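Down below is the structure, laid out as structure tokens.
Read the figures in this text as sums done on the coordinates, not as results from a lab. Only a predicted model underlies this, so the values are computations on that prediction, with no experimental measurement involved. As a convention, Cβ positions derive from the backbone with ideal geometry for all residues, glycine included, and neighbour counts pool all protein chains shown.
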Amino acid sequence: MRPELRLGLAFAALFWGLASPGGTPVAAQEAGAVMIKGKPYVYDPDNAKDVMRTCAGCHGDLGAGGGGGVYPRLGGLNADYLAEQFHKFKTRERENIPMIPFAVDREVSEQDVLDVTRFLSEIKLDTKPPADLPADGYARLQVMKRVLVIPHEPGDVAAGKAFFAQDCAPCHGRNGEGRVKRPPLAAQHIPYLKAQVESFLSGKRGHDDLEILRAKTPADWANLWAFLSTLQD
Ligand code: HEC
Ligand code: HEC
């Protein structure tokens, strides 16, 4: 890029960074550097771990989620997706009563959001305990924090697979692995996913192609959950 153009972009990014209230300045990202209050953002892994202590109470130390599947898995999800959802909680575009006290600016700054979402995105979770699980109780507990358990759901897996392949795979990936800001539906807690579909149908949370979701019967949904619950096997 021509130096004067680069300078111009950097200046635009700086201006945008100052002018944009709250959210991640998009223009700044496009210019190559994310700006926070006019300063380039630099990842701080120690701060990420510090912020993660707040999230761990519900989402687990390594973001495996849990609480009977109420708290979603965050570990290994795309950082941009996670940050965008966090911003939606902040602005209340997406409702999340339990997280309100943790999402407000005073508690979690923009630096914190970018740090913790990057930290989470780099975690690799397992879906099965390792063969050599330590005998010691504490050590075993540490290993199990990395293990995401998705119990099987009853239903017709083949029918669920056909439903998914036709209507969901184009965005959520052939094996439900997700793509950038289209989150994975594989290896995600089913009770959490069910709650999200309820929110889409009631209009509490936005989703594309709502008509397709509305057209499904309870049996279709049961089959879909059955299929999704086998994807991490
Ligand atoms: C008091 C419990 C609680 C705490 C603490 C908490 N969360 Fe959450 N979080 C939830 C719940 C419940 C949901 C699911 C809300 C829903 O059903 O839409 C959620 C959802 C999310 C999602 C959306 C995931 C997705 O797939 O769309 C993100 C991102 C998230 N939390 C990030 C965080 C981060 C980062 C922290 C720490 C700063 C945190 N949460 C702290 C309860 C909590
Ligand atoms: C046109 C693309 C597209 C299609 C098709 C699509 N989705 Fe999505 N889906 C998305 C996007 C984008 C999001 C994230 C929405 C947001 O930003 O809050 C999402 C989110 C979700 C979530 C919430 C996941 C989470 O971690 O919070 C569920 C559940 C979901 N979709 C189910 C489905 C199902 C079931 C189908 C098939 C019937 C489907 N989607 C088809 C784009 C799509």
Helix axis angle, 190-202 relative to the chain longest principal axis, alpha carbon, degrees: 70 degrees
Once phi for every residue in the range 113-124 is put through the Karplus expression 6.51 cos²θ - 1.76 cosθ + 1.60 (θ = phi - 60°), the whole-Hz ³J(HN,Hα) values, with Gly and Pro written as x, are 4, 5, 5, 5, 6, 5, 4, 4, 5, 8, 7, 10
Taking H placed 1.01 Å from N in the peptide plane, check which residues at least 5 places from Val147 or on another chain put their amide H under 5 Å from its amide H. Asp126
Of all GluC sites (Glu not before Pro) in the range 158-228, which ones are in loop regions per DSSP and have a Cβ with at most 16 other Cβ atoms within 10 Å? Glu177
Roughly how many debye, to the nearest 20, is the charge dipole of the range 157-228 about its Cα centre, given +1 on each Lys and Arg Cβ, -1 on each Asp and Glu Cβ, and no other charges? 180 debye
Helix 79-90 versus the longest principal axis of the chain: what angle, 0 to 90°, nearest 10, using Cα atoms? 80 degrees
Taking placed amide H atoms and a strict 5 Å upper bound, the residues 5 or more places from Leu74 or on another chain that come that close are Ala64, Gly65
Sort the range 86-179 into rounded, prolate or oblate with this rule: let a ≥ b ≥ c be the square roots of the eigenvalues of the Cα gyration tensor; rounded if a/c is under 1.5, and if a/c is not under 1.5, prolate when a/b is larger than b/c, oblate otherwise. oblate
For the range 45-121, with +1 on Lys and Arg beta carbons and -1 on Asp and Glu, the positive-most of Tyr71, Met99, Pro45 along the dipole: Tyr71
Classify the range 157-228: rounded, prolate or oblate, from the alpha-carbon gyration tensor (a ≥ b ≥ c, eigenvalue square roots; a/c under 1.5 rounded; otherwise prolate if a/b is larger than b/c)? rounded
Taking the Cα centroid of the range 129-149 and of the range 185-218, what is the distance between the two, rounded to the nearest whole Å? 32 Å
What lysines does Lys128 reach when the alpha-carbon gap must be under 18 Å and sequence neighbours fewer than 8 apart in one chain are set aside? Lys145
How big is the dipole moment of the chain about its Cα centre under a simple scheme where the beta carbon of each Lys and Arg is +1, that of each Asp and Glu is -1, and everything else is neutral? Debye, nearest 20, please. 160 debye
